[in-house]
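The values are calculated or read from the model by the stated rules, or taken from the named source; none is laboratory data. These numbers were taken from a predicted model, which means no experiment stands behind them. Cβ: placed from backbone, ideal geometry, glycine included. Neighbour counts: every protein chain shown.
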Amino acid sequence: MSSDAVPATELMQLPVGSFLTQLCVGVGDLQMRFNDGSQVQFTGEITVDGGPPVEPFSLDGLALVLPTLNGDVTALSAADSGTLTLVVGAATLTCPADPQYESWNYSGADGTSVICLPGGELGIWDKPARP
């Protein structure tokens with residue numbers, strides 16, 4: 001469990017109001033890139049609209065995520081458990097923490113990063129200081 005959900009959620013507000021421009025699929029991950037330059041990478045199972053868990057980079061996962069392309073981002077948050085919730089268009093994606101692996105990470109265009117560590121702890125890196 002993490003007590004960093006509130007500061008993590010505050011740092012991840014950059015893409016809210018933007019839209020999803022790219023879905024990038026790799027071996028073992030799915031990256032959702034937004035027009036503001038930020039992205040969310042999923043390596044753990046996700047659910048879409050409360051459905052069954054799927055690997056986001058599988059054909060079943062892609063079939064559920066593909067309709068979100070070009071959708072507006074209306075919410076992005078982390079829970080104390082480490083679960084990420086992302087609302088894009090009409091779809092709600094959730095990605096819970098994994099007990100052994102990093103299940104998701106957020107990279108902001110401003111240099112901020114939030115990573116869900118194994119077990120649900122959140123690693124938070126604020127934007128780098130500029131001289």
*Hey, among Thr112, Thr94, Thr74, which residue is loosely packed, with under 15 Cβ neighbours inside 10 Å and either on the phi > 0 side of the Ramachandran plot or in contact (Cβ under 8 Å) with a residue 24 or more places away in the chain (or both)?*
Thr74
*Failed item, numbered, when Trp125 is tested on (1) closer than 17 Å to Ala8 by Cα; (2) of a type in the set (Phe, Trp, Tyr); (3) in contact (Cβ under 8 Å) with a residue 40 or more places away in the chain*: (3)
*Got at least one residue in the stretch 57-78 being charged (D, E, K, R) and either at pLDDT below 95 or under 24 Å from Asp4 (Cβ atoms) (or both)?*
no
*asked:* Looking for something closer than 18 Å to Phe57 by Cβ and either within 14 Å of the chain's Cα centre (by Cα) or surrounded by 15 or more Cβ atoms within 10 Å (Cβ to Cβ) (or both) - is there at least one such residue anywhere in the stretch 116-124?
replied: yes
*Would you check if there is a residue in the stretch 36-43 being modelled with pLDDT of 95 or more and more than 15 Å from Leu84 (Cβ to Cβ)?*
yes
*Working only within the stretch 69-84, note down all residues that are more than 18 Å from Gln22 (Cβ to Cβ) and outside any loop (DSSP other than H, G, I, E, B).*
Thr74, Ala75, Ser77, Ala78, Leu84
*Where in the stretch 1-68 are there strands (runs of 3 or more DSSP E), lying fully within it, with 1 or more residues that are charged (D, E, K, R), surrounded by 17 or more Cβ atoms within 10 Å (Cβ to Cβ) and touching a residue at least 12 places away in the same chain (Cβ under 8 Å)?*
29-34
*Within the stretch 89-105, track down each residue that is assigned to a strand (DSSP E or B) and within 15 Å of Leu30 (Cα to Cα).*
Leu93, Thr94, Cys95, Trp104, Asn105
